[in-house]
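The structure appears right after this line, and notes come after that.
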Amino acid sequence: MAKKTESLDQALGRLPMKYRMYFRWKFNIPYKGQEVKERTVEQLLKASGVANMSTFEAWEKTEEYEYLVNLMLAGKEANDLLEVYNAVSEKAKAGDSKAVDTLFKIQKTIKDNLKRTKLQEQEVQEEDDLLL
């Protein structure tokens, strides 16, 4: 069974409220599908109970923040790959030889990514089995 990757919402849910609010504010990330209200810096500070932006600026230098940014970008990357795949696929079906070549490269990349993910999951499972 494939290991489920942590979602951005799950990761944000573990954060103190002030950091969660800041991250959603900074990257305009909706909460449970609700539209994000535009807030000024002052409104964010007041709502989060933080005195000034230096708290958030310091947090941006942490591994936790870096992880969240990477998790967010990975989600966007997957969506971008799907859009590119669909666009290239249509051109390839229409007979564009460059698109056919590009489509094969994208398909190979996807297969390689799946193999790498499967190997990583097997390694994690083997480590888990050793702990038992």
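The values are calculated or read from the model by the stated rules, or taken from the named source; none is laboratory data. Keep in mind it's a predicted model, so treat the numbers as computed, not measured. When we count neighbours, we look across all protein chains shown, and the Cβ atoms used for this are built from the backbone with ideal geometry, even at glycine.
Residue-by-condition table, conditions (1) at pLDDT 85 or above; (2) of a type outside the set (A, V, I, L, M, F, W, C); (3) not in a loop (DSSP other than H, G, I, E, B):
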site: LEU71; (1), (2), (3): yes, no, yes
site: LYS105; (1), (2), (3): yes, yes, yes
site: LEU114; (1), (2), (3): no, no, yes
site: GLU121; (1), (2), (3): no, yes, yes
site: GLN125; (1), (2), (3): no, yes, yes
Q: Please verify whether segment 93-101 includes one or more residues that are within 25 Å of ASP9 (Cα to Cα), out of contact with any strand residue (DSSP E or B) (no Cβ under 8 Å at 6 or more places or on another chain) and surrounded by 12 or more Cβ atoms within 10 Å (Cβ to Cβ).
A: no
Q: Look through VAL50, VAL36, VAL69, VAL84 and report the one residue that is β-branched (Val, Ile, Thr) and within 20 Å of ILE110 (Cβ to Cβ).
A: VAL84
Q.
Every residue in segment 59-86 that is over 17 Å from LYS26 (Cα atoms) and either surrounded by 13 or more Cβ atoms within 10 Å (Cβ to Cβ) or in contact with an Asp or Glu (Cβ under 7 Å, 6 or more places away or on another chain) (or both), please.
A. LEU81, VAL84, TYR85
**Q.** Test set (1) closer than 30 Å to ILE29 by Cβ; (2) among the aliphatic types (A, V, I, L, M); (3) surrounded by fewer than 13 Cβ atoms within 10 Å (Cβ to Cβ) - LEU119 fails condition number
**A.** (1)
Q) How about segment 1-52: which of its residues are without any contact (Cβ under 8 Å) to a residue 24 or more places away in the chain, part of a helix (DSSP H, G or I) and among the aromatic types (Phe, Trp, Tyr)? A) TRP25
Q) Any idea how many residues of segment 1-52 are surrounded by fewer than 13 Cβ atoms within 10 Å (Cβ to Cβ), hydrophobic (A, V, I, L, M, F, W, C) and over 30 Å from LEU114 (Cβ atoms)? A) 4
